1. Could you tell me which of the residues B:241, B:234, B:230 is outside any helix (DSSP H, G or I), touching a helix residue (DSSP H, G or I) at 6+ places or on another chain (Cβ under 9 Å) and either surrounded by fewer than 22 Cβ atoms within 10 Å (Cβ to Cβ) or more than 9 Å from chain A (Cβ to nearest Cβ) (or both)?
2. If you take the residues of the range A:232-281 that are part of a loop (DSSP other than H, G, I, E, B) and exposed (fewer than 14 other Cβ atoms within 10 Å of the Cβ), which of them is modelled with the lowest pLDDT?
3. Of all residues in the range B:312-351, how many are away from every other protein chain (no Cβ under 14 Å) and buried (at least 22 other Cβ atoms within 10 Å of the Cβ)?
4. Give the residues of the range B:355-379 that are within 14 Å of another protein chain (Cβ to nearest Cβ) and farther than 22 Å from residue B:123 by Cβ, sorted by residue number.
5. Confirm whether residue A:146 is at pLDDT below 90 and in the same structural domain as residue A:334 (by TED's automatic domain parsing).
6. Filter the range A:106-131 for residues that are in contact (Cβ under 8 Å) with a residue 40 or more places away in the chain, in a helix (DSSP H, G or I) and within 28 Å of residue A:38 (Cα to Cα) and give the result.
7. So residue A:102 fits all but one of (1) surrounded by fewer than 19 Cβ atoms within 10 Å (Cβ to Cβ); (2) closer than 23 Å to residue A:390 by Cα; (3) in contact (Cβ under 8 Å) with a residue 12 or more places away in the chain; what number is the exception?
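The values are calculated or read from the model by the stated rules, or taken from the named source; none is laboratory data. All of these numbers come straight from a predicted model, not from anything done at the bench. Note: ideal-geometry Cβ built from the backbone for every residue, glycine included; neighbour counts use all protein chains shown.
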């Protein structure tokens, strides 16, 4: 007689999976209570799936759904999933949480736009654009921290790069010069941070904060001293969106990914390149080794200092690109502290994405979505004060950090200056 | 993983039988360390000011034009540069301390209004220093616990709103009840704003740098809503109502001098923080957790409780700073209220080496600088942001003392490294 093998599950795991199930159930209930209860029937929400005029994409019919039925359905499915999780417990509970969270957002959108139409494609498209500076900040963080150097100064690097981009583009009339100036500025500040952190072994967080304060002061000083009076120096224009032929014709996917400005394309390129370099090249291996166990890498002949310098400065170039987005990719002029904390949200995205490029990119999309959502909600005149909507990205960041950091592991030697004996 | 560990370099052990030699060598090492502890921050500020002067010169169009003809008329170029610095820093001095001639004349004339006006700059500098002392203590206390509280800005705002709320909503209360209650309201609001990231750090490991920065932005938006909504004074301007007279910190001299009791309050608080940190068990726990959390945990201290307590107290101190500003100077809170106190506080805490007395001195320095910079902006046209540039440089120089040592050829004296913060991992 054969005995069936039983996989043993720890009681702590069972409890955690049950709690997840309860959370899913509660979300499902809240969908019903917040959005479905008391909703009059007969309303429909139209989800626009077409971009604006001037797009190359093939047109698609809009998605019109009965509001109340949709909300009830989403609520029901969530509750069912929650119950299933409590009883049975799925392996990929994280995926379920993401799914139910998406349902919540969809239900919220259906409710907020009841009786009206809501351009779903528009918000997805602007999410990618909003996510661009966050993703670039996150990628700068990834490359730097993977080599073991904490970089809090991304915000300052992006700010100075934004100003450099706008001013140089205004002076020369060429946006490409502006782009180059931004990248160089980012690299310069990153080099300063690298020298302080690697050579002088300064506390890396203090060094980053100092760079932020310095950058804020310098950019505001230059703004007050020079740019307020000379408007021509603060008017650079922006990169226009470029459609990639053929690919942009694909409905839905096309307008989102293939009708953007060059900076967005560069961002996506950086994600791919960084992922390949970090995981599939010898250089990437050395970088990761230096970040995890610099001593071991050193004994194998890796020049720890050189690897760290190059990675931090490369990160600075990426941050410079992010700064260029603010200046010449979005507004066309420099405003005081225009980065508005995006550098730090990028750090949260990096942690959420578990210090790898694609994860950081996906996390940035989430934050970009939160950003775009609050803009759209103001347009929809949802009865929530605009200030609270503006708070949303920051609150989301804190929640994300709270839920993830404990379990996500930074590179082991992150933040520790290397002492060569 | 620990970022930096405090190291005390082994002082040479006294040779047996020659106590005088060994003792004095030990003493000399300690004295050298203390001397450098004061000297390096001073030199850092001096170097920052020098670089600030350079920035002023190279961004002054008159000086740049004069240097264009440097080889024909070097004297003119140099004197243009000197004039630029002298005008700027002269305005800075007059803004911080006042004009000596004006003071002498006013005292000689005996006119009380003239005297008050002559002493206005220096009293204004002291008034400006008051929130700096408190905010600096807030950040410094955080540093002592190994926490980097960048949220002093938001906690300041929360405290100012809390104090303003108690200040304007309680009508007809006597001063000796209303004022302490308003101060307490400010402390409480700031304490809550600090406790949240503290709890998140203790329970979930979420790094306080990002969380406090997020709390700052949330505070800005929340205050926007409050000042335009529930806490709005009747009328058009987005401000809170003027606080009741019974909640005002008494001013010590007549108009236009704004110097008030808050300054002495701040000094008393500095003394209290000193006593707390160095003379109580709680203070010892805070410092132990900051120096070596693992050892602290091993000896039975609750890291969670200490971290939350430290962040709460830190937030409360920053809230007190906001309260002192509202109750003593402005009497109402307007939109976009905070003027960067939180970030100045970081520089102050670093320069003061996180010690309450050092913080008071550093706060006075920065207060005088800021106060003078306002004058520098109106008299010499130098944007006030130059102070932020100088601050950033000062922070770097204090955090990397080797730069100063290299610049001024100081000997390397080993001393206790100040643990400032930790990376993401712990």
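1. Working: B:234 fails: touching a helix residue (DSSP H, G or I) at 6+ places or on another chain (Cβ under 9 Å); B:230 fails: touching a helix residue (DSSP H, G or I) at 6+ places or on another chain (Cβ under 9 Å).
After ruling out the rest, the residue left standing is B:241.
2. The first filter runs over the range A:232-281 and keeps only residues part of a loop (DSSP other than H, G, I, E, B), leaving A:235-241, A:244-246, A:250-252, A:258, A:261, A:281.
Then drop every residue that is not exposed (fewer than 14 other Cβ atoms within 10 Å of the Cβ), which leaves A:240, A:245-246, A:281.
On the way: A:240: 80, A:245: 76, A:246: 73, A:281: 94.
This residue is A:246.
3. First, pick out the residues of the range B:312-351 that are away from every other protein chain (no Cβ under 14 Å): B:312-334, B:337.
Now restrict to residues that are buried (at least 22 other Cβ atoms within 10 Å of the Cβ): B:313-328, B:333, B:337.
Residues meeting the conditions: 18.
4. Start the filter on the range B:355-379 by keeping residues that are within 14 Å of another protein chain (Cβ to nearest Cβ), which leaves B:366, B:369-370, B:373-374, B:376-378.
Within the range B:355-379, no residue meets the criteria.
5. No.
6. Within the range A:106-131, the first condition is being in contact (Cβ under 8 Å) with a residue 40 or more places away in the chain, and the residues that meet it are A:107-131.
Filter once more, so that each one left must be in a helix (DSSP H, G or I): A:107-112, A:120-131.
Hits for the range A:106-131 are A:107, A:108, A:109, A:110, A:111, A:112, A:120, A:123.
7. (3)
Per-residue answers, yes or no, for (1) touching a helix residue (DSSP H, G or I) at 6+ places or on another chain (Cβ under 7 Å); (2) farther than 26 Å from residue A:304 by Cβ; (3) free of Cβ contacts under 8 Å to residues at least 60 places away in the same chain; (4) not assigned by TED's automatic domain parsing to the domain that holds residue A:335:
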| position | (1), (2), (3), (4) |
| --- | --- |
| A:155 | yes, yes, no, no |
| A:163 | yes, yes, no, no |
| A:172 | no, yes, yes, no |
| A:197 | yes, no, no, no |
| A:209 | yes, no, yes, no |
| A:214 | yes, yes, yes, no |
| A:221 | yes, yes, yes, no |
